[in-house]
Each structure stands twice: as structure tokens, then as C-alpha cells.
1. Could you list all residues from the range 135-167 that are closer than 22 Å to Met1 by Cβ, without any contact (Cβ under 8 Å) to a residue 12 or more places away in the chain and charged (D, E, K, R)?
2. Looking for something on the phi < 0 side of the Ramachandran plot, at pLDDT below 85, surrounded by 16 or more Cβ atoms within 10 Å (Cβ to Cβ) and over 17 Å from the mean Cα position of the chain (by Cα) - is there at least one such residue anywhere in the range 146-157?
3. The conditions are (1) in a helix (DSSP H, G or I); (2) touching a residue at least 40 places away in the same chain (Cβ under 8 Å), and Val40 fails exactly one of them. Which is it?
4. Restricting attention to the range 106-142, and to residues there that are closer than 30 Å to Ala78 by Cα and at pLDDT below 90, which single residue is surrounded by the fewest Cβ atoms within 10 Å (Cβ to Cβ)?
5. I need the full set of residues from the range 82-116 which are more than 18 Å from Thr233 (Cα to Cα), among the polar types (S, T, N, Q) and assigned to a helix (DSSP H, G or I), in order please.
6. For the range 36-45, does any single residue satisfy the condition of being of a type in the set (Gly, Ala, Ser) and loosely packed, with under 14 Cβ neighbours inside 10 Å?
7. Taking the range 46-66 only, how many residues are touching a helix residue (DSSP H, G or I) at 6+ places or on another chain (Cβ under 9 Å), in a loop (DSSP other than H, G, I, E, B) and not hydrophobic (A, V, I, L, M, F, W, C)?
8. Exactly one of (1) surrounded by fewer than 18 Cβ atoms within 10 Å (Cβ to Cβ); (2) more than 21 Å from Leu238 (Cβ to Cβ) is unmet by Cys180. Its number?
Amino acid sequence: MIHVVFNEADVEVLKQAIALDDSLEGAIHLIRDDFAVGPVKDIYTPEGAAARTAWWKEVLTGSDHEEHCEQVAAQDVATVKSIQEKLAENSDEVLWIWAAQNKHDVSGYYWLMSQLKDYQGKVFILYLNNLPFLNEKGQLFYPHWLHTIPPKEFLKAKKLARPITPSEFEVDPDEWTRLCNEEKQVRILEGGKKLVQYEADFYDKDLKKYVTGDWQKAARIIHQFQHKNAESTGDLFLLWRLKCIIQNASLDVQGALKGMKDFEVKLQGAAAAVDTNE
């Protein structure tokens, strides 16, 4: 058995679940890229992959992650190749794709399963779509992320595994191709597996609401946005968008526009006064 997850935090909780139930025993693979953001046109071609890597380099300029773009892309490609080889070599091998109801996992699912059409019947999906689980306190909750589920609850989740159907192998890759061809950069989950797309500045208006008349570290602005906004995304993407807002709006900045803790931002002059009066 092979497992695939889309968040690093999911790896550890799945390991703990396997320790509780050896019927889940198998290698765990992590897809590292976040396909809920960024360009995905021609993503399976060298040109499309290179364009995405170049975009990530732009996004991560000045951050500690800038040098890892090509490495992450290469790791994901190698992961898929390894899975394909294992499925081809062993007639009994199966793949379980674990996904919770969030745009990150669903986008990753589309990207991955579209490369596995030759292995129909061997690829299973565990999609935790609007399903209740118990938290550590025994309270009912609906998880949006796999790693928020206690390991013992994964034993219940395994019952949800089902083969990706021939119909899904026809329809879902076509849906992913349609999304890729729209050439937009933000994907939002509307429900089920339905993704809708927006331009790169989708979060900008709401992100700017957390900039005030007082100096704040970029990290604080992004942290508030992620915890209070109805729709959010990864901090690195938000950091890039904050830098774009700074370059295109009347905001005061002090410090170098690098990492989240390297600079502070506040509303400028009259804008700050208006904000205070409100």
C-alpha cells in the first residue's frame, strides 16, 4: 500500500495511525507544491513546469525558501514517477490518496490523479468531505485538514477508501485541464470537488484591511488575515501579495521587503487618519 498526502503535518499523524493499525502499513509520500495557487497552464510539459517554477521564484524572492523552488518541483515529479513505477511493477500494489475538504488538497488531487489514468482500479481516494469526527476531547467536528484528526479517528477514516471510478478518471482530468487553461492563479473550493478560479489579486482587498495606522510586522498582518478572514491561503503567497500591495498602494514601509519579520507596514498619512477616525 502506498499513501499520498498534501501537507507535511499530515505525514506524522498518518504515521501514528499506521502504528495503531498495521493493515494501513505502507510508504507515505508527500506532494509538496501548493497547486491551489499559481500558474498551472501546460503543467505537465517542461515549459509549463518551468513557468511555474519561475513564478514561485518571484513569489519567494527575499524569503528563506527562495532557493528551494526547483528542488520542490523535482521532488514532486520524482514522487509521481516512483508511485507509477511501483503500481506498474506490483500487480497487488494500491495507492491511497488522502484529501480533506480544502482547496489545497483538492487541487493536489486533481494534479496527481490526472497522471495515474493507466492504473485504474489500483488508485483509491479517501476524501473527507463534510464527514464528522471526534476531536481529542470527544467533541464532534468537521475537519478541513487531515492533521486535525486524532490518529485513532483515522481508523474510522480508512473505511471511506474507495476506488477512483472510470467515470472520475474521464471527467476529473478534463476538469483540471479546463482549470489549467483558464490561466488564473487562485483556486477556491466551492464544495465537493468544485474549484473556481480568480486572479492573483483575489486576496488583496481583504489583506489590506489588516494594515492599520500603526506599524505592524508583515508576519502579524498575515497571521491576523489567516485567522480571521473567511478565505485564506499559505503565508508565502500572502507575503508576496502584501509586497505587491505595498508597491501599488500608499503604504509606509520600514525595513527590507524580504521575509515576514524583516519589515513593518502601516497606512500612510491621510489614510491612517481616516482609519483612526473610523
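The values are calculated or read from the model by the stated rules, or taken from the named source; none is laboratory data. Only a predicted model underlies this, so the values are computations on that prediction, with no experimental measurement involved. Here Cβ is always computed from backbone atoms with ideal geometry, including for glycine, and neighbour counts include all displayed protein chains.
1. Answer for the range 135-167, where residues must be closer than 22 Å to Met1 by Cβ, without any contact (Cβ under 8 Å) to a residue 12 or more places away in the chain and charged (D, E, K, R): just Lys159.
2. Looking through the range 146-157, at least one residue is on the phi < 0 side of the Ramachandran plot, at pLDDT below 85, surrounded by 16 or more Cβ atoms within 10 Å (Cβ to Cβ) and over 17 Å from the mean Cα position of the chain (by Cα).
3. Condition (1) is where Val40 drops out.
4. Selected residue: Asn129.
5. Across the range 82-116, the qualifying residues are Ser82, Gln84.
6. No, because not a single residue in the range 36-45 is of a type in the set (Gly, Ala, Ser) and loosely packed, with under 14 Cβ neighbours inside 10 Å.
7. 4
8. (1)
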